1. Using unit Cβ charges (K, R positive; D, E negative) and no other charged atoms, how large, in debye to the nearest 20, is the dipole of the range 366-409 about its Cα centre?
2. May I ask you to list the residues of the range 66-100 whose amide nitrogen lies under 15 Å from a point 7 Å from Cα along the Cα→beta-carbon direction of Arg385?
3. Once the Cβ-Cβ distance between Val320 and Glu192 is put in as r, and R0 is 35 Å, what FRET efficiency do you end up with, to the nearest 0.05?
4. Report the GluC sites (Glu not before Pro) located in the range 252-303 that are in a DSSP loop and have at most 10 other Cβ atoms inside 10 Å of their Cβ, or state none.
5. With a sphere of radius 9 Å drawn around the Cβ of Leu369, what net charge do the other residues whose Cβ falls strictly inside it have (Lys, Arg +1; Asp, Glu -1)?
6. First measure r as the distance between the Cβ atoms of Ala353 and Val32, then evaluate 1/(1 + (r/R0)^6) with R0 = 51 Å and state the FRET efficiency to the nearest 0.05.
7. Are any of the pairs Lys238/Lys365; Lys220/Lys365; Lys43/Lys185; Lys185/Lys220; Lys140/Lys185 more than 28 Å apart by Cα-Cα distance, and if so, which?
8. What's the long-distance tail for the range 206-270, i.e. % of Cα pairs beyond 14 Å?
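Every number here is computed from the coordinates shown, using simple stated rules; none is lab data. Fair warning: this is a prediction, and the values are worked out from it, not measured in the lab. All Cβ positions, even for glycine, are placed from backbone atoms using ideal geometry, and neighbour counts span all protein chains on display.
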Amino acid sequence: MRTTKAGRRILGAAFVLLLVPFVATAQQEGAVDLGLQAVEVLKSYLRIDTSNPPGNEAQAAAFLARHLEEAGIPYEIFESAPGRANLYARLHGDGSRGGAIILLHHMDVVPVDALSWNVDPFSGVVLNEFIYGRGALDSKAYGAVQLVTFMALHEAGLPLGRDIILLATADEEVGGRLGVGYIVKNRPDLLEGAEFVLTEGGSASEIGGRQVHFVEVSQKTPLWLRLRVTGPSGHGAKPLRDSAVNRLVRALERIRIYRGEIKLVPAVAEVLRARASYLVDPAVAETFRNIETSIGDPAFLAALIEEMEPLLRNTISITVLNGAPSTNIISTEASADLDCRLLPGEDPRRFIATLTDVIDDPGIKIEPLLVVDAAESRPGTPLWRALEDTARAQDSEAILVPNVIPGFTDSHYFRELGLVAYGWTPFVSSPREGPAHGADERMLVANVERGPSILRDLLVRLAASRGAVGYPSMPPCMASPARSSASSRSVAMSSALRFASILMTRSSESMSRPLSMILKSSG
Ligand SMILES: [Zn+2]
């Protein structure tokens, strides 16, 4: 069987080559070139240390701008603070297809603990099949692919029916105040006529032998709070019962043991229902299709909480503590920061009121550090359909499912403005790719190489003017990435089955892949 299949593939490829002579070969070379170009851009991009803090995105913006300059594309770099730069460029269309699409990525990365890395985190080194570096997954590879694709569309002179905007921003990793937050507040002119945003937050995997694209449409909203309390000062040798630190500790203990109620909010229910479309076991799929009823079953609910608690309740992490500067001083002031994450649609004011009740001490002041209003994008838009068509050009059985992530990305800024923002990338993740924010962060070189042709395919579908319908689509050989091997397919299959067994409470061992996909997060 194996030989027959491989033989058929070779015959098929030969047939294509015979039928589509010169043009396809040129396009294929173009796609290969673009892929190699993206890898080269990424290598250099990873060598620029944009750890945030302090960020230093100005260096990265200048690096990206050099490419635009060479391609003859006008751009603008503007600083939101010294050294904190953002980059903007726009390809103009006639508007016949609709509003602009923004290709967004952030240039900053989270800091590294270099000792835990096996390679230099800022070397952009390629080892075996991987490219290593802080930001490889989050989100410089996507930035390199967006840049290369953007330049290729400009060079091809493709008549556009909508504008395409390239936006590389600062500061996403700590909330985006100096990046997208700054743009929304101070440079709304740059977003004029925008309708769609594509950025990080989505992922795709091979499950049950087909591609499943988890498109992020909604996220838990961060609510960062500072608790502050004052009290009498004193010497450490003479303890004070009601010192600021003691009162803070008492409040924090109440918060530590507090658990918010379990809720199935509409956005999460929709995501769980959509899971039915790729679950292998029909009985489990049915359970998810009727999630509102299923959640009434205590055993099912317990399994669900164990696997995906962050999507079922508001959470609080105590992250920063401050008291006296010295061991023998009783400080007049103490503070603690809380990283709270609210379910989509929750009201931050109501949550603060609940927290006030939990703390039950009027002396503790609650100061908001970061408040984000909840907003979501809906599936079913022209961008959603173009993504679906692009995925199916790669894998005829591919499906798109909406997803909610427990972390956050810059998408919320755009959703608050009423734009449709999706977390989607042209990459199909592999479990061998390294952790975003972790040591030895790495991406498969093959993913970076395929990225531009997939993104270009999407943009042609979404933004080419109707008159440009004849614009060549991807040659077939580039359009189908290496399908999963039989072994990786069976791994995906067995993890889906393991998932089923967890939910049937026959076993509750390790995390299943489908659910770990749901829980992928960013900031
Ligand atoms: Zn990111």
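1. 120
2. Counting only backbone N, you get 97-99.
3. So the FRET efficiency works out to roughly 0.35.
4. Glu261
5. For residues surrounding Leu369, the net value is -1.
6. That pair, Ala353 with Val32, gives E of 0.30.
7. Long pairs (Cα-Cα over 28 Å): Lys43/Lys185.
8. 77
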